[in-house]
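J.: I have a structure I would like to understand better, so I am pasting it below and will then ask my questions one at a time.
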Amino acid sequence: MGSLDSNPASIDAFAGDAEGFQPLNADDVRSYLHKSVDFIYDYYKSVESMPVLPGVEPGYLSRLLQSAPPSAAAPFDIAMKELREAVVPGMTHWASPNFFAFFPATNSAAAIAGELIASAMNTVGFTWQANPAATEMEVLALDWLAQLLRLPDSFIMNRTGGGRGTGGGVILGTTSEAMIVTLVAARDAALRRIGSDGVAGITRLTVYAADQTHSTFFKACRLAGFDPANIRSVPTGPETDFAVDPAKLLEVMQADVDTGLVPTYICATVGTTSSNAVDPVGAVADVAAAFNAWVHVDAAYAGSACICPEFRHHLAGVERVDSISMSPHKWLMTCLDCTCLWVRDAHRLTGSLETNPEYLKNDASDSGTVTDLKDMQVGVGRRFRGLKLWMVMRTYGAARLQEHIRSDVAMAKMFEDAVRTDGRFEVVVPRNFALVCFRIKPHGGMTEEDAERANRELMEGLNRTGKAYIAHTVIGGKFVLRFAVGSSLQEERHVRSAWELIRKKTAEIMSGDKVSV
């Protein structure tokens, strides 16, 4: 296979360098980063004009870049040239203001700077001693965010009035990791409670979530060792706006108890992926208390909105849950990856995940005055994620972060209002935050099958233009389009342009007799 450059592998960029290979030569670091910063600047200045979805075929990159690893060095400019000419055209531009699919992956200048500095320092803060500042920065950032969310003191490691609480937090890569570690802690607690010899009793343990819960929950349950036959998906419906019904949850859990099973863990979601449904946290906690089951709140997306007082009620009852996670990399201007997990009793987590090999023993850890964050996650090694989260909160402050959330919600409401005024469409579920679930509704003799075909054609036609990107889901058996506002560069004009494009494409579909009417 060829390369965009005539023969980059034949160029030895370091030929004649008497000092040999110096991958961290300070002058090179400065030069490469300056060029990278120029690339990033150009990217953000031009991303709006790029097609959101690339028009490439699978395997395109291997046809553009050489298939064998280069044996010789090449100038950094060669890599940057191939990045621009081969990689960028194959990117789906999540940073585009015309990206409305899935949930946003927000970013900010402060987060990029924090990520850059953390990557340059390349610290591995598995214990406090391995990097005191990295551990304490992560704890500080988590405590700050917990206060913005008005989480109870039981979740905060270093309380503002002084003293160390029983709770605490850790920054992980994804919500999946937050679910896995809390599932393991809940599993071990339940096994101890029933007096199981090792994991012999694990086949009796049951876990619960609404059918709208993200699929990662069911994957995490399997990874944590739960029997797939004991993973309960509680049906939801339009009568609760697709949130879990506590009465149904109680009924399912009691039925399990009656057959000798042990309810162990419940996942409540604040802002489900398909419909942004909000499970009633307090009511779920009340049900769980009757069975001594662990309650985890997955607020990956919508948790960010809860820094605004007008959305905080969605977390009502959080003081009675065992853990909560949210991902600032979705909606709080902090680039991937950054998922924050708080637990009410950190010892329940570390008791299941702690490792203490001789080579990691030290006086600080033995003193019990510090938390080694390796003991709150699956692995041992960890990145300095706390720096970028702290940089975002320190640079922008609560007021600007709240302004960012409110602006996105206002734009989503504007889009929702436009949908409601067009008789061809319907809003399928009430909008809670900045996601609008809508569709072309059956009208003029259309059947449900016709409507699904029209909506698929609308989505595919819209995405093919490159001018906008939306995704779909199925809610209550209906094929539904998801319009998620929140890309960091989005302005009202982008939302309006997307709506006009949707209207235009819909008119083309209807006038072209491509569906039955």
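J.: Roughly to the nearest percent, how much of the accessible area of the chain is carbon and sulfur, given a 1.4 Å probe?
T.: Working: 12420 of 22920 Å².
Result for the chain: 54 percent of the exposed heavy-atom area is carbon or sulfur.
J.: Which value in Å is the Kirkwood Rh of the chain over different Cα pairs?
T.: Across the chain, the inverse of the average 1/r is 25.3 Å.
J.: Same structure, new question: If r is the Cβ-Cβ distance from GLN66 to HIS347 and R0 is 60 Å, what FRET efficiency results, to the nearest 0.05?
T.: 0.70
J.: Next question. Tell me, what is the per residue accessible area of the chain in Å², probe radius 1.4 Å?
T.: 44
J.: Translational D (Stokes-Einstein, µm²/s) of the range 188-308 at 4 °C and 1.567 mPa s when Rh comes from the Kirkwood sum over C-alpha pairs?
T.: Rounded, D is 88 µm²/s.
J.: For the chain, what proportion of DSSP beta bridges, expressed in % and rounded to the nearest 5, is antiparallel?
T.: If we restrict to bridges inside the chain, about 55 percent are antiparallel.
J.: Hey, if we sort LYS81, LYS219 by accessible area with the 1.4 Å probe, largest down, what's the order?
T.: LYS219, LYS81
J.: Where nothing but the Cβ of Lys and Arg (+1) and of Asp and Glu (-1) is charged, how large is the charge dipole of the range 255-405 around its Cα centre, in debye to the nearest 20? Don't jump to the answer; show the numbers that get you there.
T.: Working: 13 positive and 17 negative charges, 147 e Å.
Magnitude of the dipole: close to 700 debye.
J.: Taking 35 Å as R0, compute the FRET efficiency from the Cβ-Cβ separation of ALA364 and ALA120 and round it to 0.05.
T.: My answer for the efficiency is 0.85.
J.: Can you flag which of LYS45/LYS413; LYS441/LYS478; LYS467/LYS504; LYS219/LYS388; LYS467/LYS505 are past 20 Å Cα-Cα?
T.: With Cα atoms farther than 20 Å apart: LYS45/LYS413; LYS219/LYS388.
J.: Return the Cα extents of the range 461-517 along principal axes one, two and three, sorted largest first, each rounded to a whole Å.
T.: Reported extents, whole Å, longest axis first: 39, 28, 17.
J.: Right, next: Between ARG150 and THR355, what is the label-to-label distance in nm when each label sits 7 Å out along the Cα-to-Cβ direction?
T.: 4.1
J.: Okay, next question. Quick one: length gained pulling ALA255 to LYS81 fully straight, 0.36 nm per residue minus the C-alpha distance? List each step's numbers first, then the result.
T.: On the way: separation 174, 0.36 × 174 = 62.64 nm, distance 6.27 nm.
This chain segment gains 56.4 nm when fully extended.
J.: With unit charges on the beta carbons (Lys and Arg positive, Asp and Glu negative) and the dipole taken about the Cα centre of the chain, which residue among LEU458, TYR359, ALA302 sits farthest to the positive side?
T.: Most positive-ward Cα: LEU458.
J.: Using the Cβ atoms and a cut-off under 13 Å, what net charge is assigned to the surroundings of HIS494, where Lys and Arg are +1 and Asp and Glu are -1? List each step's numbers first, then the result.
T.: Details: positive: LYS467, ARG493, ARG496; negative: GLU48, ASP408, GLU491, GLU492, GLU500.
Here the charged neighbours net out to -2.
J.: Tell me the label-point distance for the pair GLU491, ASP28, using the 7 Å Cα-to-Cβ offset, in nm and rounded to one decimal.
T.: Here the answer is 4.2 nm between the modelled labels.
The values are calculated or read from the model by the stated rules, or taken from the named source; none is laboratory data. Note that this is a predicted model, so its numbers are computed, not measured. Here Cβ is always computed from backbone atoms with ideal geometry, including for glycine, and neighbour counts include all displayed protein chains. Please note that ligands, DNA and RNA were not included when accessible areas were found on the heavy atoms of the full protein model with its side chains. Shrake-Rupley method; radii C 1.70, N 1.55, O 1.52, S 1.80 Å.
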